Each structure stands twice: as C-alpha cells, then as structure tokens.
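Chemist: Could you have a look at this structure, given as structure tokens, before my questions?
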C-alpha cells in the first residue's frame, strides 16, 4: 500500500511517501511544498493545492495521512494553517483518496509508544522504520513521514 503523509502549513507543507507491504516500510520520496511569505494567502493556497495535485498524480497514493490541526496560541496562524489543510483535504477528496487524520500525540504514541515523546525521538524512529542512513530534513518532511507510518499502524480513515 502506498501512503502519502502530509504535515500542513502555509509556508511549508511537508510530504512523505512510503510503501508498506507485510509490515515492511520502503521510502519512496519526501520533501516540501514551499510558498513565499510575500505571497497573498489565496496565491499560497493555490500553490499548495497545485502541489498536492502534482504529488497525487506522480505517486498515486492509495491512502493519505494528514496532521489534525491543534489549537495554536496564534489564532491567525491557526486559521491560515486550517485553510491550507482545507485545500490539502480537497485535493485528496477529489481523487477519492481515503484520508486518515492524526494528532501529534497520536503520531508520537504510534512511533515511540509515548504520547509526550520529544521530536528527536520521533525522528529517530522514522529513520529506523525506514532504514535511512540519516534523519530526513527538513523537520516538516520528517513529520510527514511519521504521519504516514502512524497511518500504516492505525489505518484510521475519516
């Protein structure tokens, strides 16, 4: 099964693509969709939407895992990330890709076994599960790979 993990944001959307077969993980690709800070929000959302469509077309995932939005102290940031999440979910829905949504706590629990694990512990487990020589960079891509791995464990489809 091919899973596309997505760590949503407006400046950086992390993505990670893995294949899972018989509980074995193979990394396909990872990276980021980036938008410039000077761009008008609708332009940023369009860039994210177009990037998502490109990823879906290129990798043809069977399922997708997206981080759930958790309340941020900065309401403006939370709203714009929520809008980015919206276009990400729309891109998947339009291609009939089942979507699993996970909180950071659920991801940490699935990978490390402890919901309050440190980011470095999660990154170490991503590296271990995917048999990588070094931790994937940037953090957004590592988080997206963690989401994909979490999804393979949980398969919680929304």
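The values are calculated or read from the model by the stated rules, or taken from the named source; none is laboratory data. Since we're looking at a predicted model, the values are computed, not measured. Methodologically, a virtual Cβ is constructed for each residue, glycine included, from the backbone with ideal geometry; neighbour enumeration extends over all protein chains shown.
Chemist: Can you name the number of the only condition in (1) free of Cβ contacts under 8 Å to residues at least 40 places away in the same chain; (2) within 16 Å of the chain's Cα centre (by Cα) that residue 67 fails?
Modeler: Status for residue 67: all satisfied but (1).
Chemist: Right, next: What is the one condition in (1) in contact with a strand residue (DSSP E or B) (Cβ under 8 Å, 6 or more places away or on another chain); (2) assigned to a helix (DSSP H, G or I) that residue 64 does not satisfy?
Modeler: (2)
Chemist: Separate question: Looking at the structure I just gave you, is residue 132 part of a loop (DSSP other than H, G, I, E, B), at pLDDT 95 or above and on the phi < 0 side of the Ramachandran plot?
Modeler: Details: part of a loop (DSSP other than H, G, I, E, B): yes; at pLDDT 95 or above: yes; on the phi < 0 side of the Ramachandran plot: yes.
Answer is yes for this residue.
Chemist: Right, another one. Return the residue satisfying two criteria in turn: it lies in segment 40-61 and is in contact (Cβ under 8 Å) with a residue 40 or more places away in the chain and assigned to a loop (DSSP other than H, G, I, E, B), and of such residues it is nearest to residue 145 (Cα to Cα).
Modeler: Restricting to residues being in contact (Cβ under 8 Å) with a residue 40 or more places away in the chain and assigned to a loop (DSSP other than H, G, I, E, B), the top hit is 61.
Chemist: Next question, about the same structure. Considering segment 1-26 alone, what residues qualify as being touching a strand residue (DSSP E or B) at 6+ places or on another chain (Cβ under 6 Å), assigned to a strand (DSSP E or B) and surrounded by fewer than 24 Cβ atoms within 10 Å (Cβ to Cβ)?
Modeler: Selection gives 2, 12, 17, 19, 25, 26.
Chemist: From the list 61, 104, exactly one residue is out of contact with any helix residue (DSSP H, G or I) (no Cβ under 7 Å at 6 or more places or on another chain), surrounded by 17 or more Cβ atoms within 10 Å (Cβ to Cβ) and closer than 12 Å to residue 6 by Cβ. Which is it?
Modeler: 61
Chemist: Of everything in segment 67-105, what is out of contact with any strand residue (DSSP E or B) (no Cβ under 8 Å at 6 or more places or on another chain) and in a loop (DSSP other than H, G, I, E, B)? Give them in sequence order. If you could, list the steps in order and put the result at the bottom.
Modeler: Step one: list which residues in segment 67-105 are out of contact with any strand residue (DSSP E or B) (no Cβ under 8 Å at 6 or more places or on another chain), which gives 69-83, 86-87, 90-91, 94-96, 105.
Those that are out of contact with any strand residue (DSSP E or B) (no Cβ under 8 Å at 6 or more places or on another chain) and in a loop (DSSP other than H, G, I, E, B): 69, 70, 71, 72, 73, 74, 95, 96.
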